[in-house]
1. State, to one decimal in nm, how far the label point of Ala298 lies from the label point of Thr364, with both points 7 Å from Cα in the Cβ direction.
2. In a GNM of the chain with a 10 Å cut-off on Cα contacts, which of Val250, Val59, Val229 has the highest mean-square fluctuation?
3. Report, in deg cm²/dmol and to the nearest 500, the calculated mean residue ellipticity at 222 nm for the chain, where each DSSP H run with n ≥ 4 adds -39500 (n - 2.57) and the sum is divided by the residue count.
4. Semi-axes of the stretch 318-386's equivalent ellipsoid from the Cα gyration tensor, sqrt of 5 times each eigenvalue, largest first, rounded to whole Å?
5. Dividing the convex hull volume of the alpha carbon atoms of the stretch 54-210 by its residue count, what do you get in Å³ per residue?
6. Mind computing the radius of gyration and Dmax over the alpha-carbon atoms of the chain? Å is fine for both.
7. If one computes the Cα centroid of the stretch 247-313 and of the stretch 107-158, what distance in Å separates the two points?
8. For a quick check: with amide H placed at 1.01 Å from N, whose amide H comes under 5 Å from Gly354's, ignoring anything fewer than 5 positions away on the same chain?
Amino acid sequence: MKRVLVGLLALGLGLGLAQQAPLKIGVVVSATGPAASLGIPERNTLVLLEEQVNRRGGVAGRPVQFVIIDDASDTTQAVRATRRLIQEDQVLAIIGTTTTPASLGMIDVVAEAGVPKISLAANLEIVFPVDEKRRWVFKTPQTEQQMSQPIVRDMAASGVKTAAYIGFNDAYGEGWARAFEAAAREAGIQVVASERFARTDTSVAGQVLRILARNPDAVLIGGSGTAPVLPQRTLRERGYRGLIYQTHGVANPDFLRVGGDLLIGTRLPAGPVLVFDQLPPDFPNRQVATSYVQQYEARFGIGSYSTFGGHAYDAWAILRPALERALRREQTTNLAAFRRVLRDEIEATRNVVGTHGIFNMSPTDHLGLRFNEAAVMVEIIKTPAGKLDWKLLRTFR
């Protein structure tokens, strides 16, 4: 388990800021392993944000320190990292982790310790229902229920009558299977096949052959990172010519790099930040999304941004004002009490404009995003310059 501390002194802060006790925020991300293409931009975003906030005087005059641990895309390591951050580093809150199974595994740990957590994973079950454990847990990515809607609407508009599903054999894939089948049924689309594969599989030939035997009009692949390239490649190699959809879990440059031209024509729902420069001028979070992308690319290179870094940016957009409000109510020296107050202030989040939408939390909603502001439909195209890119197909406002 790789552990990285982004030190305050290494940032060259002024003596007055550096002498104050930092506000420690624990971060768990998947910077290596199968989910690295998601976790790396999350980590990079938080490194960038720490530098910016401390250069501008910190939060309430105190420096911020993100204590970042790489869970290597492994649930056991994510749980272990969470315990270390709480017990050894005594963090005020936790951001992370990247994947659904690991985020679910962290719930018991943060609930037992009474530490608020903002997850960077998609599954609805991370925050719903808000029970005694999940009252400590919040998230920023759109759920599979929200993102099934654009897919099914696009299928219906394209004349799709039958569809198949192939997804991860874990909580992410199962959540998508349930959400997609429910949305498809409501739209009158018949799901004729439902298959699973592991994130580390090297072949899905058997699953694809069973799908092809049902001859669906469209196929949805329920995965994240670069692993979903495998079933798409296999479908195309086996002669499938129907529509292929992916989830918002693939909205990153590495997916395009690994998949190459076989991805052309693929459709997927995504957070609006993915196509920030194609959004209508009055889209509510276009300005925030544009600012984030410009900052990220200035530090990490043109074309390096992804929706996943945006989830981390949004987590801090929620956490920072909550910290400011909590600091007016309680001292961080009373750690347990401060964590309780901070949890309450996160839940009180209203009208926070992020890269993916506008967040309005409540005691029963620990995501707080509305579908019509948080989802757009995109298609993978090849530009005249020969580069794969994302094209905005439609918004839902």
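1. With each label placed 7 Å out from Cα toward Cβ, I get 4.3 nm.
2. Largest GNM mean-square fluctuation: Val59.
3. -12500 deg cm²/dmol
4. 36, 14, 9
5. Roughly 157 Å³ of hull volume per residue.
6. Answer for the chain, Rg first and Dmax second: 20.7, 69 Å.
7. 20
8. Residues meeting the amide H criterion: Phe359.
The values are calculated or read from the model by the stated rules, or taken from the named source; none is laboratory data. Keep in mind that this is a model prediction, so the values were computed, not measured. A quick note on method: Cβ atoms are made from the backbone with ideal geometry, for glycine too, and the neighbour counts reach across all protein chains shown. Note: areas computed on protein heavy atoms with side chains; ligands, DNA, RNA excluded. Shrake-Rupley method; radii C 1.70, N 1.55, O 1.52, S 1.80 Å.
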